[in-house]
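Please find one structure pasted underneath; my questions will follow.
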Amino acid sequence: MSRTRPFLSVVVVLLLAATVAVAGPAVAPPTEGELKATVEALTGPGMDGRRSGTAGGDLAAERIAEWLKTAGLQPAGERGSFFQSFVVATATRVAPGTAFAINGRMLDLGRDWAPHGGSLRETVAAEVVFVGYGLSAPGYDDWAGVDVRNRIALVLDGAPPHLAGVAASRLEKLVAARRAGARALLLVSDTLPSLGGTAAAVRLVSGTVTRAAADALLAPAGTTLAQLADTITQRRAPASAVLPGVRAEIRVALEVADRNAVNVVGILPGADPALAEEAVVFGAHYDHLGLTGGAVHPGADDNASGTAVVVGLARAFAAAGPQPRTLVFALFGAEELGLVGSARYVKSPSVPLARTALMVNFDMVGRLRDGKLTVGGVESGRGLRDTVSDAARATGVKATLRDSPYGPSDHSSFYGAGAPVLFFHTGGHADYHRPSDTADKIDAAGMARIAALGANIAERLARPAYVAVPRPTRERPEPSVGARVFLGVGGGVSESDGLPLSQVVAGSGAAKAGLRDGDVLVRLGDRPINAFDDLLAALRDRKPGDEVRLLYLRDGIDHETLATLGTRP
């Protein structure tokens, strides 16, 4: 026994040396002014809400890559770049052959008319029927008494002036036209929509025409759009009619192409021979909702704030000089579309996940209320709780520590792949996923304190062994309605009209009514649904036990069902 003790002592010392923190050059965390400027840049002109797969999202990625390069980081993306690409969606574009002709006269695509992204890809040549506003409401029905079967329905946008408070969405008009037997629908509007904005599919040919194009279409019948609309207004009744001598041919050819987005990844190689192969990943998603519901969602807190902290830490560590461990700074795309970017990273990490000591995720860290920060995942690695507690005391940050590493943000991708994680978050607020999440509401001084805490954790970190934390037996879904009422759906992020359902909760009223993931909700009761806020508003005055009628689309076919509302879990 006595002869083995010296050997065992040496082994213990070596093991301890491999797990304790090794100090590197002192790091000066990013300043309040720097962080504020970064948030303002990410929410400024051209960013348009940074939706992945759009020009604004691409501009944000390019700007972030420039910042990392200027700071002195090495590119850790593909082919020597900072970018790690992935397919974020399939985009529809107009293909050759798309055309619209009035009695043989061709109209200009993009100026006089535009096909809808959800249109059937077919050719229709038929008579044109004017169907008013394409509206069916109590005491008023544009579709009654007119035969639109195998014809092209021409309808006005909006609703008749005398029907105050009555609304009909584009999708409802398409559904009504399909039910009436029309082969195509042309919607008259002052502006032509994008393919993405009209991507929800209804099984008929459809497009939008300008008022000038509609008048050209109506000319053979000796009338104008204004005259037809005035007739409805004066009668306070429909004026639908087959238009003599008015024929049109519509050819819609669309093709699908991949829409790409990128992660932006830079790296600072470690300097300690014993630790350089290990990495700490600082991560945040830079994407947001883009143009949704007709409004730009700037996403200052969600998540320009987290992006600014990660970029600021990259600059700070690069300026300080090499640290013992390798540091990876990863800005993810398409988090709002389902953690797509972080899932892509963990499949091809810059440093293998087996050698990733910790992933620190900053998501919505721009509103440090009362100086309090929530840090989740402290039980995902052995010793992490103590490390975070010590760092919080050292930096003067009041941190509420949460055991669970689970949650709807990018750290979940890393934890699922076997890496310990921490999740920094300053809490929800009324501006979440709204156009009002603007840069002027950001607490840049609070962000600077959070960045200092993140840096301190990395500096004092020992290698935390991964801990498998049991998943909660009943995860609480993100609220989809008001304080009590629960339909049981989660809305996907989409620039198109209608509400695509990304989640239908098992056992909920929606599930029992037959809804599935991927359906598009069009109407609840008497209210059209074109965004998640519309659903919230439609349910605001309801109560558990109420029965509501739902109109939804599945594979371009409309369905109606009744759902009984429950109480939110």
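How many residues does region 394-405 contain that are surrounded by fewer than 21 Cβ atoms within 10 Å (Cβ to Cβ), farther than 21 Å from PRO30 by Cβ and not β-branched (Val, Ile, Thr)?
Of the residues in region 394-405, 4 are surrounded by fewer than 21 Cβ atoms within 10 Å (Cβ to Cβ), farther than 21 Å from PRO30 by Cβ and not β-branched (Val, Ile, Thr).
I would also like to ask the following. Could you please find all residues in region 101-116 being at negative phi, in a loop (DSSP other than H, G, I, E, B) and either out of contact with any Lys or Arg (no Cβ under 9 Å at 6 or more places or on another chain) or of a type in the set (Asp, Glu) (or both)? Steps first, answer last, please.
Taking region 101-116 and keeping what is at negative phi, we get 101-102, 105-109, 111-116.
Narrowing the set further to residues that are in a loop (DSSP other than H, G, I, E, B) leaves 107-108, 111-112, 116.
Hits for region 101-116 are LEU107, ASP108, ARG111, ASP112.
Looking at LEU59, LEU68, which one is of a type outside the set (Phe, Trp, Tyr) and within 30 Å of ALA274 (Cβ to Cβ)?
Details: LEU59 fails: within 30 Å of ALA274 (Cβ to Cβ).
Checking each option against the conditions leaves just LEU68.
What tally of residues in region 137-189 results from selecting those that are on the phi > 0 side of the Ramachandran plot and over 35 Å from the mean Cα position of the chain (by Cα)? Reasoning before the result, please.
Just the residues of region 137-189 that are on the phi > 0 side of the Ramachandran plot, to begin with: 139, 145, 150, 158, 165, 181.
Okay, now just the ones that are also over 35 Å from the mean Cα position of the chain (by Cα), so 139, 145, 150, 181.
Here the count works out to 4.
Restricting to region 82-110, name every residue that is free of Cβ contacts under 8 Å to residues at least 40 places away in the same chain and either exposed (fewer than 15 other Cβ atoms within 10 Å of the Cβ) or out of contact with any strand residue (DSSP E or B) (no Cβ under 9 Å at 6 or more places or on another chain) (or both).
Kept after step one, since they are free of Cβ contacts under 8 Å to residues at least 40 places away in the same chain, are these residues of region 82-110: 104, 106, 108-109.
Of everything in region 82-110, those that are free of Cβ contacts under 8 Å to residues at least 40 places away in the same chain and either exposed (fewer than 15 other Cβ atoms within 10 Å of the Cβ) or out of contact with any strand residue (DSSP E or B) (no Cβ under 9 Å at 6 or more places or on another chain) (or both) turn out to be GLY104, MET106, ASP108.
If you don't mind, there's one more thing I want to ask. Can you confirm whether region 403-422 contains a residue that is over 16 Å from VAL467 (Cβ atoms), among the β-branched types (Val, Ile, Thr) and in contact with a Gly (Cβ under 9 Å, 6 or more places away or on another chain)?
no
In region 307-323, which residues are surrounded by 22 or more Cβ atoms within 10 Å (Cβ to Cβ) and part of a loop (DSSP other than H, G, I, E, B)?
GLN323
When region 372-429 is examined, which residues are found to be among the β-branched types (Val, Ile, Thr) and more than 29 Å from the chain's Cα centre (by Cα)?
Of the residues in region 372-429, the ones among the β-branched types (Val, Ile, Thr) are 374-375, 378, 387-388, 395, 397, 400, 421, 426.
Of everything in region 372-429, those that are among the β-branched types (Val, Ile, Thr) and more than 29 Å from the chain's Cα centre (by Cα) turn out to be THR387, VAL388, THR395, VAL397.
While we're looking at this one, here's another question. May I ask you to list the residues in region 341-363 that are hydrophobic (A, V, I, L, M, F, W, C), surrounded by fewer than 24 Cβ atoms within 10 Å (Cβ to Cβ) and within 22 Å of the chain's Cα centre (by Cα)?
Of everything in region 341-363, those that are hydrophobic (A, V, I, L, M, F, W, C), surrounded by fewer than 24 Cβ atoms within 10 Å (Cβ to Cβ) and within 22 Å of the chain's Cα centre (by Cα) turn out to be ALA343, VAL346.
Just checking, does region 43-57 include any residue being aliphatic (A, V, I, L, M) and without any contact (Cβ under 8 Å) to a residue 24 or more places away in the chain?
The answer is yes; a qualifying residue exists.
Looking only at region 156-167, which residues are surrounded by 15 or more Cβ atoms within 10 Å (Cβ to Cβ) and either modelled with pLDDT under 90 or in the same structural domain as GLU495 (by TED's automatic domain parsing) (or both)?
VAL166, ALA167
In region 143-154, how many residues are crowded, with 19+ Cβ neighbours inside 10 Å, out of contact with any Phe, Trp or Tyr (no Cβ under 6 Å at 6 or more places or on another chain) and not aromatic (Phe, Trp, Tyr)?
5
Kindly list the number of the only condition in (1) surrounded by fewer than 22 Cβ atoms within 10 Å (Cβ to Cβ); (2) farther than 21 Å from THR98 by Cβ; (3) touching a Gly at 6+ places or on another chain (Cβ under 7 Å) that fails for GLY293.
Going through the list (1) surrounded by fewer than 22 Cβ atoms within 10 Å (Cβ to Cβ); (2) farther than 21 Å from THR98 by Cβ; (3) touching a Gly at 6+ places or on another chain (Cβ under 7 Å), GLY293 breaks only (3).
Something else about it: In region 199-244, which residues are among the hydroxyl-bearing types (Ser, Thr, Tyr), over 16 Å from ALA101 (Cα atoms) and in contact with a helix residue (DSSP H, G or I) (Cβ under 7 Å, 6 or more places away or on another chain)?
The one that is among the hydroxyl-bearing types (Ser, Thr, Tyr), over 16 Å from ALA101 (Cα atoms) and in contact with a helix residue (DSSP H, G or I) (Cβ under 7 Å, 6 or more places away or on another chain): THR224.
Residue check, PRO464 against (1) surrounded by fewer than 24 Cβ atoms within 10 Å (Cβ to Cβ); (2) at pLDDT below 90; (3) in contact with a strand residue (DSSP E or B) (Cβ under 9 Å, 6 or more places away or on another chain); (4) not charged (D, E, K, R), all met but one. Which one?
(2)
Okay, next question. Only one of these is modelled with pLDDT of 90 or more, surrounded by 19 or more Cβ atoms within 10 Å (Cβ to Cβ) and assigned by TED's automatic domain parsing to the domain that holds GLY57: ALA455, ALA563, ALA538. Name it.
ALA455
For ASP386, state whether it is of a type outside the set (Ser, Thr, Tyr), over 23 Å from ALA417 (Cα atoms) and either modelled with pLDDT under 95 or surrounded by 24 or more Cβ atoms within 10 Å (Cβ to Cβ) (or both).
no
List pairs: first residue in region 173-200 and in contact (Cβ under 8 Å) with a residue 60 or more places away in the chain and among the small types (Gly, Ala, Ser), second residue part of a helix (DSSP H, G or I) and surrounded by 24 or more Cβ atoms within 10 Å (Cβ to Cβ) anywhere in the structure, Cβ distance under 7 angstrom, at least six positions apart or on different chains.
Close Cβ pairs (under 7 Å, with a partner that is part of a helix (DSSP H, G or I) and surrounded by 24 or more Cβ atoms within 10 Å (Cβ to Cβ)) amount to ALA200/LEU171.
Something else about it: Can you name every residue in region 493-523 that is in a strand (DSSP E or B) and either over 30 Å from GLY53 (Cα atoms) or charged (D, E, K, R) (or both)?
The one that is in a strand (DSSP E or B) and either over 30 Å from GLY53 (Cα atoms) or charged (D, E, K, R) (or both): ARG523.
Let me ask something else about it. Taking the stated definitions as given, is ARG170 in contact with a His (Cβ under 9 Å, 6 or more places away or on another chain), over 21 Å from PRO244 (Cβ atoms) and either in the same structural domain as ALA248 (by TED's automatic domain parsing) or not charged (D, E, K, R) (or both)?
yes
Evaluate region 404-419: report whether one residue or more is assigned to a strand (DSSP E or B), in the same structural domain as GLU34 (by TED's automatic domain parsing) and polar (S, T, N, Q). Spell out how you get there, then give the answer.
Filtering region 404-419 for residues assigned to a strand (DSSP E or B) gives none.
Checking region 404-419: not a single residue is assigned to a strand (DSSP E or B), in the same structural domain as GLU34 (by TED's automatic domain parsing) and polar (S, T, N, Q).
Could you please find all residues in region 517-527 being buried (at least 22 other Cβ atoms within 10 Å of the Cβ) and touching a residue at least 40 places away in the same chain (Cβ under 8 Å)?
The answer is VAL520, VAL522, ARG523.
Kindly check whether there is at least one residue in region 352-367 that is farther than 24 Å from ALA465 by Cβ and in a helix (DSSP H, G or I).
no
Take the residues in region 47-100 that are assigned to a loop (DSSP other than H, G, I, E, B), touching a helix residue (DSSP H, G or I) at 6+ places or on another chain (Cβ under 7 Å) and modelled with pLDDT of 95 or more, then tell me which one is farthest from ILE267 (Cα to Cα).
The residue in question is ASP48.
Also, quick follow-up: Might you check whether a residue that is over 28 Å from GLY490 (Cβ atoms) and in a loop (DSSP other than H, G, I, E, B) occurs anywhere in region 333-345?
no
The values are calculated or read from the model by the stated rules, or taken from the named source; none is laboratory data. Given the structure is predicted, the values throughout are model-derived calculations rather than measurements. Positions of Cβ are backbone-derived with ideal geometry, glycine not excepted, and every protein chain shown enters the neighbour counts.
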